[in-house]
1. Somewhere in the range B:181-194, is a residue hydrophobic (A, V, I, L, M, F, W, C), more than 22 Å from A:Ser290 (Cβ to Cβ) and within 14 Å of another protein chain (Cβ to nearest Cβ)?
2. Could you list, in sequence order, all residues of the range A:10-59 that are among the small types (Gly, Ala, Ser), in a helix (DSSP H, G or I) and over 18 Å from A:Ile112 (Cα atoms)?
3. Among (1) in contact (Cβ under 8 Å) with a residue 40 or more places away in the chain; (2) over 19 Å from the mean Cα position of the chain (by Cα), where does A:Arg12 come up short?
4. Would you check which residues across the range B:128-146 are in contact with a Phe, Trp or Tyr (Cβ under 7 Å, 6 or more places away or on another chain) and at the interface with another protein chain (Cβ under 7 Å from one of its Cβ atoms) and list them?
5. With respect to A:Tyr263, is the statement that it is among the hydroxyl-bearing types (Ser, Thr, Tyr) and either surrounded by 22 or more Cβ atoms within 10 Å (Cβ to Cβ) or part of a loop (DSSP other than H, G, I, E, B) (or both) true?
6. Only one of B:Glu265, B:Glu245 is at pLDDT 95 or above, acidic (Asp, Glu) and in a helix (DSSP H, G or I); which?
7. Could you list all residues from the range A:356-375 that are under 22 Å from A:Gly52 (Cβ atoms) and at pLDDT below 95?
Amino acid sequence: MFDKFKDWERNRHDYAKDWQQRTGRKVLGYFCTYVPEEILYAAGVLPVRILGSHEPQDVTEPHIFGMFCPFCRDCLAQGLKGRYDYLDGLMIAQSCLHIRQTYTSWVKHIPIDFTYYMPHPMKLQSPRALPYLIEEIRVFKKAVEEWTGQEITDEKLQNAIDVYNENRRLMREIYDLRKAGDPKLTGEEAMEMVISSQMTDKAEHNEELKKVLAQLPSRETGRDIGTRLMILGSENDDIEFLNMVESCGATFVVDDHCTGTRYFWNEVEHNGDLIEDLAQRYIDRPRCPSKDWEERTRVEHIVKLANEWDVKGAIVIQQKFCDPHELDIPAIRKTLKENGVDNLFLEFDVTVPIGQFKVRVEAFLEMISEEDLFD
Amino acid sequence: MTTKELYKTRPLESWGKAKEIRQNYYRDYAKAHEKGGLRWAGGAWTFGAIPCGLGEDVWSITSEPYGASIAANKEFSQKCLEATEKAGYARDLCSYMRNYWGSVILNEYAFGGPFPKPDFLWQDHICCSHAKWYQVVSDLEGGLPNFCIDVSVGPYHEITKHKIDYLVNQMHDGIEWLEKVTGRTYNDELLIEAVYNECRSTSVWAEICVLNKVVPAPLEEKTMYSLYVLGTLMKHSKIVADYYEELRDEVQDRVDNQIAAIANEQCRLMSDTQPPWGFLSLFRYLEKFGALSVGSLYTFGLIGMWEDKPDGTWGPRTTPQQQGIEIKDRDQALRILADWNLSKPEWQHFYSPHLKTDMMVRIAKEWKLDGVMLHYNRGCEGLSIGIAENRLGLIDAGYPVMTFEGNMGDEREFDLSKTMGRVDAFMETLGYKK
């Protein structure tokens, strides 16, 4: 049922090149999910999120100091190895320092037609963030119009927002099904679904989501659900890891990742001016820790997810050296524990020691089960 | 032999005064409550001029220099770092931050007594750790009023009105917040005075750095660390602005009389990022080769404010007072403060390492350098961002580059003897001997 998503996720370059060929339109690679993709989509551009390949590599050492996160180096390696040589454009919306280096090194060393660094407010809790972001989106829109030669009319932008909102709504419906005792899909499948949405035409992705949604309620997975888990933390597209955990008698039922809920959780709400509506959406979405201050709004949101999805335990992952998450994790782990959600912390690299992690995960699941015995 | 004495040298006469200003700073912060005053904590880059409007009895502690002060005391630093790790925080986070948090957790002030709890937190945010640093401080202190201004609006050459507005509007909000949390009425006259002082001190610091273009250099970087730090403590104060003018006059006198920082100057270098504070002897080791570091973008541009001069050189930014601008109200003061700080050289590389490379190459040319020592600093992601690209850019520009890995505030990640070995090899490459 989820094979199409898996295929798109695994063969992302083939999909993008084919899309480029059949539509004759531009493909833009982006870093960080704060990029307002709707603007690009309205201009007929396919935005694809650049992710790593989870292979050891030796090409980024001259460009990014090894104390920065493995994810940002893995992404740059994809560019340096020519795997994204079909891109017409490249952009980033300002987020953490780590991934910013991927963008700046890429721009310097890999020729590309259009590049754009989009300033983006970091203090999303300030009322001043909205007018600032509105103006930045307007400037960005103009740059995209000049690049593509396409005027982004209100009609085109409204259509893009509608397509994106539908995508968000459909994925959320699927996530809602995971609240049930039988969640109908695995965490691995959910992650493949969301990641594939970041690298395909949302209209096509929507059609596939509708097919899945039609079949999902009657799906019999035939697998033991085991312990209901949540996964959260840094950027995570390590599908092999999710697969390993779910083979140990557990099922991920919800997440707080930018390859999961943080990407699609809230829709653009129509209140008036489309650009203003768009800006409000990117301010209101579940936040990346680098943009969550002075208050820690993430903690409350994560606990709410854990409660609503009836989570028994959480795996808190962090890309090695990921400062923004490192700065939130102690508070999150403490609050989860106080709310009855035991959690296991694991540090991720480009590749993870799957055998060692399996031992730790099994011990964690056993611990949770023991607690259940005496409840 | 390169160790031959070529120039006259002598210690700085104003050195004692610099030391006294620093000592008074940490004492005044600790004793602020005894005088009925207020204490606040925030970063060295924060808009310290703004809390000045609360009164003349308001004292601050800036986090990075405090973390560096702890780092210089290896035994205390070790205790602080371990206390932070025990509390669950990752060992690879900013080492200033970890030293600082450790001092709070242990309730030990590096200058004696318990850690003086601030009344409020006043921070700015350009690096991933800045705002989050004080989020954790607030957690550790059981909740403290905390306000942080986001300054990450892109490089200065792309600044537009709406970006300045973003900062200035946050500053206005911040002043309302300060009045609310302190119960005090804000005095715009004190703000205006602080803005004038900040522009003066940071421009004069750049003037002092310019004097180091001369051969022989009147200052070397180890000494400059103890001088620039005053700007990181209270760049908005009259005390620091006045002192920097006195220091500038003394350094000018050294230039006029060819008083060198080191007597055997033959090889001019620059460093980059914060040094490993517990191992400044590394800079003395250079002198054995007749080498010195004449500064860095870090010592020049962390506090110093710069601009292109009509003759094409890099020089001190012209202050509002030098331009004859009279600041008349709060909004004007805040706009000047925002614009002034956004031009800070050390803020530009947060958006592109290539902007930093351009400035470094410029320094290498104008300060007549023979090579560059890059500290790949595991303790600071904010200043190490893009450093590998800086290396490539400097090499492309024809400058020999030596790299060494370390940590400004965690001695467990620095190996002095290994680094000295790298210096030996670098010097041999450049043709200098002990």
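The values are calculated or read from the model by the stated rules, or taken from the named source; none is laboratory data. Here the structure is a predicted model, which means the values were calculated and not measured. Cβ sites come from the backbone with ideal geometry, for glycine too, and all protein chains shown count toward neighbours.
1. The answer is yes; a qualifying residue exists.
2. Listed by number, the list holds a single entry, A:Ala42.
3. For A:Arg12, the exception is condition (2).
4. B:Ala131, B:Lys132, B:Gln135, B:Val136, B:Asn146
5. no
6. After applying the criteria, what remains is B:Glu245.
7. The answer is none; no residue qualifies.
Table: residues versus (1) without any contact (Cβ under 8 Å) to a residue 60 or more places away in the chain; (2) among the aliphatic types (A, V, I, L, M).
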{"position": "B:Ser343", "(1), (2)": "no, no"}
{"position": "B:Tyr351", "(1), (2)": "no, no"}
{"position": "B:Arg378", "(1), (2)": "no, no"}
{"position": "B:Ile395", "(1), (2)": "yes, yes"}
{"position": "B:Val401", "(1), (2)": "yes, yes"}
{"position": "B:Met408", "(1), (2)": "no, yes"}
{"position": "B:Gly421", "(1), (2)": "yes, no"}
{"position": "B:Leu430", "(1), (2)": "no, yes"}
{"position": "B:Lys434", "(1), (2)": "no, no"}
